[in-house]
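Below: one structure, written as structure tokens.
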Amino acid sequence: MSDKLKPYPKYKDSGIPSLGKIPDHWDVRRNGRLFAQRNEMGFGELPILEVSLRTGVRVRDMDNLKRKQVMSDAEKYKRAEKGDIAYNMMRMWQGALGTAPVDGLVSPAYVVARPFEETNPNYYSYLFRTEAYKAEVDGFSRGIVKDRNRLYWQDFKQMPSCFPPPNEQAAIVRFLDANAVLVRQFIRNRRRLIEVLTEQKQAMISRAVTRGLDANAKMKASGVDWLGEVPEHWIVGTVKSEMDNLNTRRIPLSGSDRGLMKQRMYDYYGASGVIDKVDEYIFDDELLLIAEDGANLLLRNLPLAIMAKGKFWVNNHAHILKPKRGSLEYFFHLFEQIDYTIWVTGAAQPKLTQSRLMAVQIPVPPPEEQMAICDWIFENTKDVGRLIQNANQEMDAIQAFRQRLVTDVVSGAADVRQVEISNTLAEEEQFAGECDEYDLTDEEEIDGEVVHADD
């Protein structure tokens, strides 16, 4: 695994521009020679499978109430046997495919491809998710606009694919699966480091914005449960007394602004991440944005405040605030520390209403002390912030390396036939396959990013 990979001894022109050169002993075959279509229905007792852009095919979690309605249509779903490849016709160009881990059912909007005897579905799952192959898929798909293009079976089966000998397909899968374990381990360790560093940074900020910098300052009871004691000379106000609410203020959207807003979109963790209503909230100012709705309002591990500066626009899922006096930066740090779960209403559709937000009690130091606190935070957290940034950059780098490695190996640019996989890695590979807490691309799976048939 640690040795530098080398190319194959001899190559030949594949005859397909998108494939380029392939190892001399490899073949090129149409997908119709590698897979047959499986189009079987009436197996309603099988578990429901879903295709994710991140993790491929997996069993759907039916404990989620929002998904239980699919069971009434289960008889119309397509059967996929363990080892079949299933892909979303409208999202194949994005890599929405994978190998079925168990016998199960997929939506009628999916295509199920049954591998022939010499076809290793896991090898082709890797191949089909490479950027080069996804670009080829786009050319074979049909539709009025790209986002609605479909890759039908009759077009999929005409697509050319590399065909290494079966034993090499298996060797490639073993190598890439083992490499995935190493990548998971690296990412898991970096995320744990980031969690520890973030907790350390937030603890420093929380103490500074709620208790000040003078350890010997006289304290008083704030009368606020979440706040506790504050310096005696501070006041305890409310968001309403200290912040202007700008939600009703708008600047008409000009033609030049329309081009600009595509470049300056301030999003936040409380909403769905999809800008669905603009409502001409265009600003040129320094403001504080607080999430108004979204499931993340019930979590404590994600920031719900953003300090927005310059010309920008924001959708109608945010509270837009500006300090009446004092430092915007101080209030940004303060609003990051607030536990909003106390004021959120609704479980299915969590919402932080304007009236509840404006009633939240907050500590307010004198303006000059606010600035001193911000300066202290900057100086004392920059090293921790740099470590967090470095860890994130390392994860980005290892993921980019992983993508290049997969492409090189499945295309034959790198030879892994003689690479030995240790038994330890094989055991960890099985564990990693059973535990999807950390995938190869990002944090925990987000429901909105799971690809469903009616997306």
Go through (1) surrounded by 18 or more Cβ atoms within 10 Å (Cβ to Cβ); (2) under 30 Å from ASP24 (Cα atoms); (3) hydrophobic (A, V, I, L, M, F, W, C); (4) touching a Lys or Arg at 6+ places or on another chain (Cβ under 9 Å) and name the single condition PHE116 misses. (1)
Strands (runs of 3 or more DSSP E) contained in the stretch 10-59 and holding at least 2 residues modelled with pLDDT of 90 or more: 11-13, 21-23, 27-30, 35-38
Answer with yes or no whether TYR77 is touching a Leu at 6+ places or on another chain (Cβ under 7 Å) and at pLDDT below 90. yes
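Each row is one residue, and each column tells you yes or no for (1) more than 26 Å from the chain's Cα centre (by Cα); (2) under 21 Å from SER327 (Cβ atoms).
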| site | (1), (2) |
| --- | --- |
| LEU182 | no, no |
| ARG188 | no, no |
| LEU193 | no, no |
| ILE205 | yes, yes |
| ALA208 | yes, yes |
| LYS220 | yes, no |
Which residue out of VAL224, VAL230, VAL183, VAL236 is within 30 Å of PHE401 (Cα to Cα) and either at pLDDT below 90 or among the β-branched types (Val, Ile, Thr) (or both)? VAL183
Subset of the stretch 348-373 (residues that are in contact with a Ser or Thr (Cβ under 9 Å, 6 or more places away or on another chain), crowded, with 19+ Cβ neighbours inside 10 Å and assigned to a helix (DSSP H, G or I)): GLN370, ILE373
Exactly one of these conditions fails for ALA391: (1) in contact with a Phe, Trp or Tyr (Cβ under 8 Å, 6 or more places away or on another chain); (2) under 23 Å from GLN202 (Cα atoms). Give me its number. (1)
Pairs, first free of Cβ contacts under 8 Å to residues at least 60 places away in the same chain in the stretch 356-378, second part of a strand (DSSP E or B), C-beta under 9 Å, six or more apart: ARG356/THR345; GLN370/VAL364
Could you go through the stretch 104-112 and let me know if any residue there is at pLDDT 95 or above, in the same structural domain as ASP155 (by TED's automatic domain parsing), surrounded by fewer than 22 Cβ atoms within 10 Å (Cβ to Cβ) and not aromatic (Phe, Trp, Tyr). no
I need the full set of residues from the stretch 119-154 which are surrounded by fewer than 18 Cβ atoms within 10 Å (Cβ to Cβ) and of a type in the set (Asp, Glu), in order please. GLU131, ASP138, ASP147
Is there any pair linking a residue in the stretch 114-143 that is in a loop (DSSP other than H, G, I, E, B) to one that is polar (S, T, N, Q), with Cβ under 9 Å and at least six apart or on different chains, and which? GLU118/GLN169; THR119/GLN169; ASN120/GLN169; THR130/GLN403; THR130/THR407; THR130/SER411; SER141/ASN149; GLY143/ASN149
Pull out all pairs, ordered by first then second residue, where Cβ-Cβ is under 9 Å, the residues are six or more apart or on different chains, the first lies in the stretch 198-210 and is under 16 Å from TRP234 (Cα atoms) and touching a residue at least 12 places away in the same chain (Cβ under 8 Å), and the second is among the small types (Gly, Ala, Ser) and surrounded by fewer than 17 Cβ atoms within 10 Å (Cβ to Cβ). THR210/GLY228
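The values are calculated or read from the model by the stated rules, or taken from the named source; none is laboratory data. Predicted model only: the values in this text are computed from it and were never measured. Cβ: placed from backbone, ideal geometry, glycine included. Neighbour counts: every protein chain shown.
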